[in-house]
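Readers should treat all values here as calculations from the given coordinates under stated rules, not as data from a laboratory. Given the structure is predicted, the values throughout are model-derived calculations rather than measurements. When we count neighbours, we look across all protein chains shown, and the Cβ atoms used for this are built from the backbone with ideal geometry, even at glycine.
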């Protein structure tokens, strides 16, 4: 009986793990004191920090960085691009241009 | 008879559902590079007169947002966050183009292509025009 339960539960867990739509990538900005926003929400300021990219409710995620002395930057990520970044171990890097 | 009516109604509903244009509700907001609220007008599909007529403004009456339901007849819809100047809670001049918005306000407008399923909060960060203080 217990073995039967496990045989159902384990593939179910594996399926959930495969269908995960949340990723963690290190986001770095230059200048390092620029503010970082993900999906319009400020997630902090500072250099390299791991951030969560959640595609559960949205098909795309956008990252913005801003600093008073620089041009703001915006980058979009879709699931395909994020999966490729995970596969190639690529992090998110935003470099602002001085005004 | 009843069955026929039900079948006709179901078919009608199914046709209507297939033919309807999908929509999505978004909340728009804008700040400047100092992360301070920036008064703006939101223009959908380059329809500047409609944006003015419908009062699609953010941060004009105060620090607020604009919630708008946008139809998606195609895969992408272009919106433009156009900066405006506000005096005494009123827009001093309603822009009719990106150039006019840019020239008059001293800030750079931001066009953005939205897709169905994009995040609900659309946050715009507007930079000053180069040469503007």
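Could you tell me which numbered condition residue B:103 fails, if it satisfies all but one of (1) away from chain A (no Cβ under 14 Å); (2) surrounded by fewer than 13 Cβ atoms within 10 Å (Cβ to Cβ); (3) over 26 Å from residue A:97 (Cβ atoms)? Failing condition for residue B:103: (3).
For segment A:55-77, filtered to residues that are more than 9 Å from chain B (Cβ to nearest Cβ) and surrounded by fewer than 16 Cβ atoms within 10 Å (Cβ to Cβ), the residue that is nearest to residue B:116 (Cα to Cα) is A:56.
Is it the case, given these coordinates, that residue B:88 is more than 14 Å from chain A (Cβ to nearest Cβ) and either within 15 Å of the chain's Cα centre (by Cα) or under 21 Å from residue A:76 (Cβ atoms) (or both)? Taking the combined requirement at face value, the residue does not satisfy it. Of all residues in segment A:78-99, those satisfying the criterion of being in a helix (DSSP H, G or I) and within 22 Å of residue B:118 (Cα to Cα) are A:79, A:80, A:81, A:82, A:83, A:84, A:85, A:86.
Every test in (1) within 13 Å of chain A (Cβ to nearest Cβ); (2) in contact with a helix residue (DSSP H, G or I) (Cβ under 8 Å, 6 or more places away or on another chain); (3) surrounded by 17 or more Cβ atoms within 10 Å (Cβ to Cβ) is passed by residue B:82 save one, and that test is (1). Considering (1) in a strand (DSSP E or B); (2) surrounded by 13 or more Cβ atoms within 10 Å (Cβ to Cβ); (3) without any contact (Cβ under 8 Å) to a residue 12 or more places away in the chain, the lone condition that residue A:44 does not fulfil carries the number (2). Residues in segment B:113-125 that are facing chain A (nearest Cβ under 8 Å) and under 23 Å from residue A:67 (Cβ atoms): 5 in all. Taking the numbered list (1) more than 10 Å from every other protein chain (Cβ to nearest Cβ); (2) in a strand (DSSP E or B); (3) more than 15 Å from residue B:38 (Cβ to Cβ) in turn, residue B:96 passes all entries but (2).
Screening residue A:49 against (1) free of Cβ contacts under 8 Å to residues at least 12 places away in the same chain; (2) away from chain B (no Cβ under 13 Å) leaves a single unmet condition, (1).
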